[in-house]
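Written below as structure tokens is the structure these notes are about.
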Amino acid sequence: QVQLVESGGGLVQAGGSLRLSCAASGRTFSRYAMGWFRQAPGKEREFVGAIRWNGNTYYADSVKGRFTISRDNAKNTVYLQMNSLKPEDTAVYYCAASSRPVIVTRSYEYDYWGQGTQVTVSS
């Protein structure tokens, strides 16, 4: 069982930056691929990016070059650094853990989810 708690959301102006954190419980955190998703009002949850246990990352085209995912296995924490934020990045951001051995991008392929943290980007 893995429990995930996101933090770091808030209100930021367009062009600004935020760093989200996702703290995980459980001693097997390092075995999981960790993903970030987001959901804007009235829209489906969408994949943002993910990181494997070894640090390999993969990003959605919409955030590539602006967002960076990293992880600290010693701290059981994964991070989402968001730069050059745009109003269209406004959403609730979720972290998720997947036991699959490769990076996956669909929400049903993730086993555990956090409660989400709101990110609002003003224009």
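The values are calculated or read from the model by the stated rules, or taken from the named source; none is laboratory data. Model, not experiment: these values are computed from the prediction. Cβ: placed from backbone, ideal geometry, glycine included. Neighbour counts: every protein chain shown. Protein only, heavy atoms only, side chains kept; ligands, DNA and RNA dropped before computing areas. Shrake-Rupley method; radii C 1.70, N 1.55, O 1.52, S 1.80 Å.
Taking Ala91, Ala24, Ala74 as the candidate residues, the one with maximal mean-square fluctuation in a Gaussian network model of the chain, Cα springs under 10 Å, is Ala74.
Across Phe67, Phe47, the residue with the most accessible area heads the list, and the full order at a 1.4 Å probe is Phe47, Phe67. Of the residues Leu11, Leu20, ranked by 1.4 Å probe accessible area with the largest first, the sequence reads Leu11, Leu20. Surface analysis of the chain yields an accessible area of 52 Å² per residue, using protein heavy atoms and a 1.4 Å probe.
Bridgeable lysines around Lys75 (alpha carbons under 27 Å apart, same-chain partners fewer than 8 residues away excluded): Lys64.
3J(HN,Hα) along region 45-56, derived from phi through the Karplus expression 6.51 cos²θ - 1.76 cosθ + 1.60 where θ = phi - 60°, amounts to 5, 10, 6, 9, x, 8, 9, 7, 4, 8, x, 4 Hz, with x in place of Gly and Pro. Cα-based radius of gyration for region 1-61, normalised by 2.2 N^0.38 Å, reads 1.28. Here the contact order of the chain, divided by its residue count and restricted to Cα pairs under 8 Å and six or more residues apart, works out to 36 percent. Within region 24-47, which residues have the backbone N less than 12 Å from the label spot 7 Å out from Asn73 along Cα→beta-carbon, could you tell me? Output list for this probe position: 28-33.
Both the radius of gyration and Dmax for the chain are 13.3, 41 Å, in that order, over alpha-carbon atoms. Taking 17 Å as the cut-off, the amide N atoms of region 12-52 that come nearer than this to a point 7 Å along the Cα-to-beta-carbon line of Asp111 belong to 24-36, 51-52.
Each of Thr68, Val102, Ala14 was scored by the projection of its Cα onto the charge dipole of the chain, and the greatest displacement toward the positive side belongs to Val102; charges sit on the C-beta of Lys, Arg, Asp and Glu.
Split the accessible area of the chain by element, probe 1.4 Å, and carbon with sulfur accounts for 46%. Each residue was assigned an accessible area with a 1.4 Å probe, and for Asp61 the value is about 130 Å². Note on surface exposure: Lys43, Lys86 rank Lys43, Lys86 by accessible area, highest first, 1.4 Å probe.
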